[in-house]
Structures are given as C-alpha cells and as structure tokens.
Amino acid sequence: MDIGLKIKQLRMKMNLTQEELANRCELSKGFISQVERNLTSPSIATLIDILESLGTNLQKFFNDTENDKVQFHKDDFFVQENSEQGHEIKWIIPNAQKNIMEPILITIRKNGGRSATYRPHEGELFGYIIQGGIDLFLGETRYRVKKNESFYFCANAEYYLVNNNDRDAIVIWVSTPPNF
C-alpha cells in the first residue's frame, strides 16, 4: 500500500490544502508534503492524527470495514487553539469531513477575538450562540447575534465572526459541505 498517495487522495477528496491539513494536525506543511511523497514515514501517533483530521482512522484506512460511529464524547473531539486570532475550535464530530455537514464548537475570546475569514464557497452555514454574543460579518453587512439566537446563510460572500464583548462567546457552527 502506498500510504503517502492514499493520504494525498484523502486530503484532496476533502478539498484540503497541505497547509490546512498540517494546521489541523499541528504539523508543518513540509512534513505533510514529505509524507505524501513517501520521503518520510509518520509515527503511529502522527498517522492517527493525520487520519482523524481526514475523517478516518487506522482501521478504515487499512481496511474500510468499520461501522459508522453515532455517539461522540469529549475524548473524540479534536481541538485547535488559535491564540493569535483569539479562538478555539473543537471538531465535535471527528469524522465530519467525510459527511455532508461539519459541526464545530468555536469559542471566540472576549474583547476582539475572531474566527478565521472564510472566502465564498458553495454551501450553507448555520450557527447557534450558546454563550455571549458575536458580530457576524457577511460581505459588507454586520449582524449582531446574541445568546440563544442563531444565524443561517449561503456562503456566497466572505464571512467571519468577531467577539467585541467582555465575555467569551461559544457558538455551535455547522458548515455544509465541510469547510472548517
């Protein structure tokens, strides 16, 4: 089996760049490139991280006979902290990249924390504010969304979230197709 080629094929199927995959795995883009070209071999732990970020696991990667998981726990979550932008993303359904929709739990830090800026793409987004409040910037329009409110839109314009409040905001955010 050509492990590097199979990882590359999975990454491309998920419409991820090497850099996006590297960020999800907390690895360098160069390392992902070397793995895909079979110039280096990842450790088992690193391979597990890569495969989880690609919506699969060791068993599926080498066998494809596992039943789909239905219930997920904290231990299943993949977490990425971005201290520069002031947010933390939890992929609460670790294999969601292979599904039609991808839910995340994003905590946007108080006093100016923000999500990444996403370019227009095919698909739709939904969000529900669990705690705090955010400003949703969709193209040139700003929407204030508070606790127990939601948002829903087609991703046909650039968008991002900002928290200008003095309390962290927690948002369930769902993208279809997967985009985070």
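The values are calculated or read from the model by the stated rules, or taken from the named source; none is laboratory data. Predicted, not measured: the structure shown is a model, and the values here were computed from it. Methodologically, a virtual Cβ is constructed for each residue, glycine included, from the backbone with ideal geometry; neighbour enumeration extends over all protein chains shown. Areas reflect the complete protein model, heavy atoms only, side chains present, ligands, DNA and RNA absent. Shrake-Rupley method; radii C 1.70, N 1.55, O 1.52, S 1.80 Å.
In segment 119-133, the condition of being more than 16 Å from Val174 (Cα to Cα) and not in a loop (DSSP other than H, G, I, E, B) is met by at least one residue.
Residues in segment 96-118 that are assigned to a helix (DSSP H, G or I) and touching a helix residue (DSSP H, G or I) at 6+ places or on another chain (Cβ under 9 Å): Gln97, Lys98. Listed by first and then second residue, the pairs linking a residue in segment 51-70 that is exposed (fewer than 10 other Cβ atoms within 10 Å of the Cβ) to a residue that is at pLDDT below 85, with Cβ atoms under 9 Å apart and 6 or more places separating them unless they lie on different chains, are Asp68/Asn95.
Okay, residues lined up against (1) among the hydrophobic types (A, V, I, L, M, F, W, C); (2) closer than 20 Å to Val171 by Cα; (3) assigned to a strand (DSSP E or B):
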| position | (1), (2), (3) |
| --- | --- |
| Ile32 | yes, no, no |
| Pro42 | no, no, no |
| Gly55 | no, no, no |
| Val70 | yes, no, no |
| Asp75 | no, yes, no |
| Gln80 | no, yes, yes |
| Ile89 | yes, yes, yes |
| Pro94 | no, yes, no |
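Taken as a whole, the structure leaves Ile48 outside the set of residues that are open to solvent by less than 50 Å² (accessible area, probe 1.4 Å), at pLDDT 90 or above and part of a helix (DSSP H, G or I).
With respect to (1) touching a Gly at 6+ places or on another chain (Cβ under 8 Å); (2) of a type in the set (A, V, I, L, M, F, W, C); (3) open to solvent by less than 20 Å² (accessible area, probe 1.4 Å); (4) touching a residue at least 60 places away in the same chain (Cβ under 8 Å), the lone exception for Met14 is condition (3).
With Ile106, Ile32 as the choices, which residue is in contact with a Leu (Cβ under 6 Å, 6 or more places away or on another chain), open to solvent by less than 40 Å² (accessible area, probe 1.4 Å), of a type outside the set (Phe, Trp, Tyr) and at negative phi?
Details: Ile106 fails: in contact with a Leu (Cβ under 6 Å, 6 or more places away or on another chain).
None of the other options fit; the residue is Ile32.
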